[in-house]
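Reviewing the structure listed below.
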Amino acid sequence: MKSKIVFGLGLLLLLLTSCDRKDTEPCADYRQAMRDFVVRICTAARQSNPNFIVIPQNGLSLVTLNDTPEGTLATDYLAAIDGHGQEDLFYGYPKDEMPTPAAETDYLLRYLRRSRGIGNSVFVIDYCAEPEHIADAYSRCDAEGFVSFAAHRRALDQIPSSPIHHENCHTVTTLPEVQNFLYLINPENFSSKEAFIQAVCATNYDMLVMDLFANDGERFTAAEIERLRQKQHGGKRLVICYMSIGEAENYRYYWQDSWTHHRPVWLERANPQWPGNYKVRYWYSEWQSLICGDGDSYLNRILQAGFDGVYLDIVDAYEYFEGK
């Protein structure tokens, strides 16, 4: 099992340098800036909980330093995180239910295998509902030692009706023990927090990835997160909180109405594919403070709620800025 990172003096100096950089300076390396941001989140979280789990989604080119799967490993980044989430590895790119092109799958696998080889867990989300596609996705993930979830809807707003792959009732307390997981970050189809809790507790998933907030915008409490750990047939699961770090969302508690017309310097244009989401210059200290700074940061709210870890989305935001 991969041991937790003990940060050395060199890494701490790197973080301090990154945090102290003036916001008016341009970003020289968008990928390294994202690595530094993720490592900062890991460092802040583990000051409160040394066993806190951090799983970035997508953005696999951060695994190496020279942008190729066979390049030099980004050891500080890989040592800080506990695993990867990867969408569309076998199904869903460029369209749900469609097999992902073999060349794209092979490219992603070359990165994932390298990280898996040093002890990081891999969680795959394929967007498919046809039984033969689900069976194929599960089989191919099993062959790689990955944990698979076949999402019937990209909205991630329902518990799939298909059987849980590798279902078990055992207690799960560490990431390498996870044999299956539920990715349920959109609670809009549940009438209340209680309805959401009861639906999840009626399953035997080993790990739940969910949002900090219910459909009405109310936070889940530590007592409710503890209830969500309980599996249907005994045993407990890990409960991981979704958090976007590469985009700001105008439905979050931190959003200020004035930003719509008078944007902070770090706030970019809206994402046309996801209404209410805005690209951010994620290397700016003001944005990073909202996410993982002292006081009422997003990360501190997650820690206070008692989650076992975070699932970081829009880690691949560097692609947007490189494209500009």
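As a check on your grasp of the helix formula, calculate [θ] at 222 nm for the chain: sum -39500 (n - 2.57) over DSSP H runs of n ≥ 4, divide by the residue count, round to the nearest 500. Numbers along the way, then the final one.
On the way: 10 runs with 104 residues, N = 324.
That calculation yields -9500 deg cm²/dmol at 222 nm.
Assuming 0.36 nm per residue, please report the length gained on full extension of the stretch residue 96 to residue 113 beyond their Cα-Cα distance. Don't jump to the answer; show the numbers that get you there.
On the way: separation 17, 0.36 × 17 = 6.12 nm, distance 2.42 nm.
The residue 96-residue 113 span can extend by a further 3.7 nm.
What residues have an amide H closer than 5 Å to that of residue 59, excluding those fewer than 5 places away on the same chain, when H is modeled at 1.01 Å from N in the peptide plane?
It is 316, by chain and number.
Relative contact order of the chain: what whole-number percent is it, with Cα pairs under 8 angstrom and at least 6 residues apart? Mind dumping the intermediate values first?
Details: 569 pairs, mean separation 57.8, N = 324.
Relative contact order here is 18 percent.
What is the extension gain from residue 188 to residue 70, computed as 0.36 nm multiplied by their sequence separation minus the C-alpha to C-alpha distance, in nm to one decimal? The partial results should precede the final answer.
Values: separation 118, 0.36 × 118 = 42.48 nm, distance 4.17 nm.
Full extension of this stretch gives 38.3 nm more.
Through the Karplus equation 6.51 cos²θ - 1.76 cosθ + 1.60, θ set to phi - 60°, convert the phi angles of region 209-221 into ³J(HN,Hα) values in whole Hz; use x for Gly and Pro.
Once rounded to whole Hz, the list reads 9, 9, 8, 5, 10, 7, 4, 8, x, 7, 6, 6, 8.
Students often forget the sequence filter, so: which aspartates and glutamates lie under 13 Å Cα-Cα from residue 95 once same-chain residues fewer than 8 apart are removed?
Within the straight-line limit of under 13 Å, residue 95 reaches these aspartates and glutamates: 87, 126.
Of all the accessible heavy-atom surface of the chain, with the other protein chains kept in place and a 1.4 Å probe, what percent is carbon and sulfur? Each step should come with its number before you reach the end.
Details: 7120 of 14070 Å².
The nonpolar share, carbon plus sulfur, comes to 51 percent.
Could you run the Karplus curve 6.51 cos²θ - 1.76 cosθ + 1.60 with θ = phi - 60° over region 29-40 and give me ³J(HN,Hα) per residue in whole Hz, x for Gly and Pro?
Result, ordered by residue: 8, 5, 6, 5, 4, 6, 4, 4, 5, 4, 5, 4 Hz.
Suppose accessible area is computed on protein heavy atoms with a 1.4 Å probe; arrange 257, 126 from highest to lowest.
Working: 257 130, 126 0 Å².
Heavy-atom accessible area, descending, gives 257, 126.
My understanding is that a pair violates if its Cα-Cα distance is over 24 Å; which of 193/279; 279/324; 193/236 do that in this structure?
Values: 193/279 29 Å; 279/324 12 Å; 193/236 19 Å.
Pairs exceeding 24 Å: 193/279.
Run through region 63-115 and list the trypsin sites (Lys or Arg not before Pro) located in a DSSP loop whose Cβ has at most 13 other Cβ atoms within 10 Å.
Qualifying residues, ordered by number: 95.
Volume per residue, Å³, of the convex hull around the alpha-carbon atoms of region 159-209?
Details: hull volume 4.3 nm³, N = 51.
Cα-based convex hull of region 159-209, divided per residue, equals 84 Å³.
Report, please, the projected area of the chain averaged over directions, based on the convex hull of its C-alpha atoms, in nm². Walk me through the intermediate numbers first.
Values: hull surface 64.1 nm².
Mean projected area for the chain: 16.0 nm², to one decimal.
DSSP loop (so not H, G, I, E, B), at most 13 other Cβ within 10 Å: list which GluC sites (Glu not before Pro) in region 194-257 pass both filters. Display every interim value, and only then the final one.
Values: sites: 194, 218, 224, 226, 247, 249; in loops: 218.
For GluC sites (Glu not before Pro) across region 194-257 that sit outside H, G, I, E and B with at most 13 neighbouring Cβ atoms in 10 Å, the list reads 218.
Taking the solvent-accessible surface of protein heavy atoms with a 1.4 Å probe, what is the per residue accessible area of the chain in Å²?
Details: 14070 Å² over 324 residues.
It amounts to 43 Å² per residue over the chain.
The values are calculated or read from the model by the stated rules, or taken from the named source; none is laboratory data. Just so it is clear, the model here is predicted, and its values are computed rather than measured. FYI the Cβ positions are ideal-geometry reconstructions off the backbone, even for glycines, and counts take in every protein chain you see. To get the accessible areas, we keep the full protein, side chains included, count just its heavy atoms, and leave off ligands, DNA and RNA. Shrake-Rupley method; radii C 1.70, N 1.55, O 1.52, S 1.80 Å.
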